Every structure is written in C-alpha cells, then in structure tokens.
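The values are calculated or read from the model by the stated rules, or taken from the named source; none is laboratory data. Everything quoted here is computed from the prediction, not taken from an experiment. Note that each Cβ is placed from the backbone with ideal geometry, even for glycine, and that neighbours are counted across all protein chains shown.
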Amino acid sequence: MSSKKRVLSGIQPTADSFQIGNYLGALKQWVQLQDTHDTFYSIVDLHAITGEHDPKVLHQRTLLAFAQVIAAGVDPEKSTLFVQSQVPEHAQLAWVLGCQTGFGEASRMTQFKDKSKKGGMDRTSVGLFTYPILQAADILLYQADQVPVGEDQRQHLELTRDLAIRFNNNFTKTFTVPEPYIVKESAKILDLQDPTAKMSKSLPAGCVFLLDDEQIIMKKFKSAVTDSDREIKFDTELKPGVSNLLSIISLVSGADISELESEFSSKGYGDLKQRAGELVIESVARPFKSKVDELMKDKAQLNKLMNQGAQKAKQVAGETLRTVYQNLGFVS
Ligand code: TYM
C-alpha cells in the first residue's frame, strides 16, 4: 500500500460547464495534490439526481464533467478518476451511514435547509435530505485523510467526521477520520453581480462558466459590481466586489495581493475588471475549452478512462465495504 496520504473529492455534473469557483476553490487543489498524495476524484452523478433531471442531459454532462476534470489538469494515470454511479459501493455504504445519522442532525444541514425552503417541502426529495450522507460515504469508502473543497462544503465534512467517529466507537475502528482541505484564499469565490453571495451556477448572471464564449466572460467581468468609491484595496468587509476581483487575479496570475494593490493604485475599477477578464480568458478558459473540445471528440477513449477509473476505485471501495459489513455483523 502507498505511504502517501489519501485524498478524495467530488464534483457534480449539474451544469454544461464548470465555473471559476469550482476551478479556483477545488480543481486547482486537486491537480496540485496528485503529485504528493494518493488521489481519488469522482464525478458524483448520484448526487445530481436529487432534483428533477433530464436523462440525456445528465449523460452528456457526466461525459463533459469527466473531460473538464482532465482538462483542468487531473491526470487519469496519476489519479483515480471515476464516475460515482459506476461504483455501487457508494449507495451501499450510504444506507449503512444513514442508519447512523440522527434525523435532527441531517435536518440541520444548511444547504438542505436553503434548498428545501426554496423548492417547498412537497417538491423536496428524500434524496436531497440524505445527500450529505452519500457524500460521507464517498469520502469514508476511500479512507481519505484529506478532502479538498470550497468553504460551502465544510458542514458536510463535519458530518462526515462525526459519522466516522461514531461508527468507529459503536463498532470496531473502521474509518479514517478525514480533514477538510480548504485553501483560505480561494475557499469562497464571490458572485460578480452580488459580491456578498458565493458564486454559483444557480445564479448565472454573476457566475463565470469556463466554457462560455469569451465575449460573455468578458462582459460578466466588465459588469461586475464593485462600489461607489474609487480605491482599489483588499478589504473583504467594506469592498467585497473589489476584493473578489483582486483575489481572482492573484489566484490566476500568482501575484501577491499587495503587489496588485500598488500596481492598481493609479488605475480605476474598469482596468481591474478588464485585467481579471483577460487573465481568466487567456490563462484559464481558452486553454481549458480547447482541451475539453479535443477530449470530447474521442468518446471511446473517455469511456475507456471511465472504466479504468471505476475498476481502480472499486478495489478500494469494495475492501472498505467488506470490512464495514463484517463489523456490522452481516453474514458473509
Ligand atoms: P459542487 O459540485 O457544488 O462543487 C464542486 C467543488 O467546487 C467548490 N466550489 C467553490 N469553491 C469556491 N468558491 C465557490 N464559489 C465555489 N463553488 C463551488 C465546492 O466547494 C466543491 O469543492 N457536495 C459537493 C460534491 C461532493 C463531494 C463529495 C465533495 C459529493 N461527494 C465528496 C467532496 C467529497 C458539491 O456539491 O460540490
């Protein structure tokens, strides 16, 4: 067995394109970690059916998500990259963990509370309610030490840790208790139209999708909401919009925020927006899109990589599930 620490993370195939929040908050870390860690990354399609969905669209988005993770720099030879529904152990462990989760505990998940409030209880599926338990199964099946995610996933990781500790205490020690791996600077990329909210595909006006046309990306940056002041300064409380643009520029270019503040001291908000747009297009979106287009031309190769990833994932997941079943007292 490898002595490297184990990493697992996942991304939903619920849009036609990843957005820069996914890229800066998660995928960049996925790519960096694959050189030093034993990395498992999943396209979590089981998580993508908690609301209504069109099967054809989900199928296409799953292929596209797989291609996008590779285009972002995840190497399927270095990392185990797989589609969640191709590894049935995820659903199997989710049932077991559901039986360890309190109803009240699951009811306190803020993402569930927000989404169910918007949709109304009658239109909210039980799958949305148990979503975080499936996420815990994703992580615990691989005995992950670290889970690279954005800030919005912190509460789900707390639940995962609680479930691992509870199972280990109630039965035999079975699971590694995972740590969140959240990089402060990129943990929460903000919406360009409402810089008090997280950038999210559900608010498309302020969300920059990497596969959008370049003109659309530029337009979104140019119309980013800032403030009525003129000073370009990093201050997340008083200047969330300006700070968000500075963060994006810093994360993409590698320049320090303080360097950027002095560089932009004699410039205006228009220059800042223009620079952010240009950088995202030239350094991220353009090469990303061309790689995705190339990968999507060869579906046979994508399918081959998916099968290969699922086989590798199943070896680890199967071993954990066998131990779990044994420790629960199931007859083998
Ligand atoms: P998902 O598909 O919504 O997002 C994928 C990753 O992108 C991060 N992210 C952001 N980071 C910074 N700023 C933003 N504005 C932003 N928007 C999204 C997310 O934090 C996430 O890391 N429940 C998960 C998927 C999942 C998972 C897992 C993650 C299922 N099983 C196991 C880790 C481990 C989700 O919905 O991510």
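Computed values, structure above
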| quantity | calculated |
| --- | --- |
| Unique match (being of a type in the set (Gly, Ala, Ser) and surrounded by fewer than 20 Cβ atoms within 10 Å (Cβ to Cβ)) among Ser262, Ser243 | Ser262 |
| Given (1) in contact with a Leu (Cβ under 9 Å, 6 or more places away or on another chain); (2) part of a helix (DSSP H, G or I); (3) more than 15 Å from the ligand (Cβ to nearest atom); (4) of a type in the set (Val, Ile, Thr), number of the condition Val57 does not satisfy | (1) |
| Count - residues of segment 297-332 that are touching a residue at least 60 places away in the same chain (Cβ under 8 Å), hydroxyl-bearing (Ser, Thr, Tyr) and either farther than 15 Å from Glu89 by Cα or not in a helix (DSSP H, G or I) (or both) | 0 |
| Index of the failed condition, Thr36 passing every other in (1) in contact (Cβ under 8 Å) with a residue 60 or more places away in the chain; (2) closer than 20 Å to Val147 by Cβ | (1) |
| Given (1) in a helix (DSSP H, G or I); (2) within 14 Å of the ligand (Cβ to nearest atom), number of the condition Ile216 does not satisfy | (2) |
| Every residue from segment 1-42 that is among the β-branched types (Val, Ile, Thr), within 26 Å of Glu214 (Cβ to Cβ) and assigned to a strand (DSSP E or B) | Ile11 |
| Test result for Ile11, within 19 Å of Lys314 (Cα to Cα), among the aliphatic types (A, V, I, L, M) and within 9 Å of the ligand (Cβ to nearest atom) | yes |
| Contacts under 7 angstrom Cβ, first residue in segment 262-276 being under 11 Å from Leu245 (Cβ atoms), partner modelled with pLDDT of 95 or more and not in a helix (DSSP H, G or I), 6 or more apart | Phe264/Ile232; Tyr269/Thr226; Asp271/Phe264; Leu272/Ile232; Leu272/Phe264; Lys273/Ala224 |
| Spans of helices (runs of 4 or more DSSP H) in segment 64-155 with at least 3 residues under 16 Å from the mean Cα position of the chain (by Cα) and buried (at least 16 other Cβ atoms within 10 Å of the Cβ) | 126-140 |
| Those residues of segment 162-176 which are of a type in the set (A, V, I, L, M, F, W, C) and surrounded by fewer than 17 Cβ atoms within 10 Å (Cβ to Cβ), in sequence order | Ile165, Phe171 |
| Unique match (being part of a helix (DSSP H, G or I) and touching a residue at least 40 places away in the same chain (Cβ under 8 Å)) among Leu159, Leu192 | Leu159 |
| Residue tally, condition within 10 Å of the ligand (Cβ to nearest atom), of a type in the set (A, V, I, L, M) and surrounded by 19 or more Cβ atoms within 10 Å (Cβ to Cβ), over segment 185-207 | 4 |
